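Just below is one structure, and these are the notes that go with it.
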Amino acid sequence: MKRMLYSAKAAPYLFVLPFILTFGIFWAYPLVNSVIMSTQDILPGQVSSVGFANYERIAGDRLFWLAMGNSFRYMLLTLLILVPLPLALAVLVNSRITSSRLAGIFKSALFVPALTSVVVAGIVFRLMFSETETALMNQILGVFGLEPERWLRNDGTALVALLLLATWRWAGVNMMYFLAGLQAIPEEYYEAAAIDGANAWQRFWNITVPGMKPTIVYVLVISVYGGLAMFLESFMIFGGNNSPQNIGLTIVGYLYRQGIEKNDLGYASAVGVVLLVIILAINLVQLGATGAFKKEATR
């Protein structure tokens, strides 16, 4: 045993063993088990194979496609907000316009929401967007002479509440990713471009964006996953998984409804497998389009 522990050949395997065990127990095994369960009808004390019946059921399930549409809409809108906005904030913080102390306070203030519990944040936003005249958002409308709004009972206004929560919570996190990418770009590139007469926009487009490409791709990947996997924010804002006319029902919320609330674990597993395939397909297409799989040219 001592010889194996001190062996140069065995050492790499010992170091990666914790990751392999964690990956196998908490990811590979549940994934394989979910795929198997998706072909079964699972009842208390009784399991029977149904083949692809659960997937055929998904194809004709109107509520599944409604939940998928809600999730896709939320995901696309968060991409439009949580990529350009944090990138602009990162460029501002990284510039010489602000002092280092002010930039540090700004970064801390934007990152603090990520440390807040989603449950607490969801309850606070639900109170902010409640129907009463004393709710914060209705008080703001009252300042402009507008009538109180039933925010969480209308599709458009409910989506605004979800997007504001997502922006408040994740803008600071994405900004930190972009800030790390910006600081990895050599300052000499900007100095050389300035000497050649490039303006601020030209330096941003021709130096910052190409240099930030790996970070932008990473943020896009995690944002696609985060948008389609969103559940707890909607659950807390609407006070449960039964929003009016299912306007807040996400695909993960639908999976929760089928698997936990209705105890239909086989069908819920099929929904989860379909969601996994969709997320993988989107990210693979995105990574291929951005050239993430291409090898760097050798000199």
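The values are calculated or read from the model by the stated rules, or taken from the named source; none is laboratory data. The structure presented is a predicted model; accordingly, all values stated were derived computationally and were not measured. Every residue, glycine as well, gets a Cβ built from its backbone with ideal geometry; the counts of neighbours run over all protein chains shown. The protein model used for the area step is the full one, side chains on, heavy atoms only, and it has no ligands, DNA or RNA in it. Shrake-Rupley method; radii C 1.70, N 1.55, O 1.52, S 1.80 Å.
Annotations
- Options Ser100, Ser117; residue that is more than 29 Å from Gly156 (Cβ to Cβ), surrounded by fewer than 18 Cβ atoms within 10 Å (Cβ to Cβ), hydroxyl-bearing (Ser, Thr, Tyr) and free of Cβ contacts under 8 Å to residues at least 24 places away in the same chain: Ser100
- Residue check, Val93 farther than 18 Å from Gly239 by Cβ and surrounded by 14 or more Cβ atoms within 10 Å (Cβ to Cβ): yes
- Any hit, the range 287-299, residues being open to solvent by less than 20 Å² (accessible area, probe 1.4 Å), assigned to a helix (DSSP H, G or I) and either of a type in the set (Gly, Ala, Ser) or in contact with a helix residue (DSSP H, G or I) (Cβ under 9 Å, 6 or more places away or on another chain) (or both): no
- Subset of the range 154-207 (residues that are part of a helix (DSSP H, G or I) and among the small types (Gly, Ala, Ser)): Gly156, Ala158, Ala161, Ala166, Ala171, Gly172, Ala180, Gly181, Ala192, Ala193, Ala194, Ala200
- For the range 114-137, the count of residues that are among the acidic types (Asp, Glu) and part of a helix (DSSP H, G or I) is zero.
- Pairs with Cβ under 7 Å, 6+ apart, first in the range 55-81 and in contact (Cβ under 8 Å) with a residue 24 or more places away in the chain and open to solvent by 40 Å² or more (accessible area, probe 1.4 Å), second of a type in the set (Phe, Trp, Tyr) and part of a helix (DSSP H, G or I): Arg57/Tyr267
- Residue satisfying all of: in the range 208-244; out of contact with any helix residue (DSSP H, G or I) (no Cβ under 8 Å at 6 or more places or on another chain) and assigned to a helix (DSSP H, G or I); surrounded by the fewest Cβ atoms within 10 Å (Cβ to Cβ) among these: Pro210
- Selection within the range 120-137: residues that are of a type in the set (Gly, Ala, Ser) and farther than 24 Å from Pro86 by Cα. The member of this set that is least open to solvent (accessible area, probe 1.4 Å) is Ala135.
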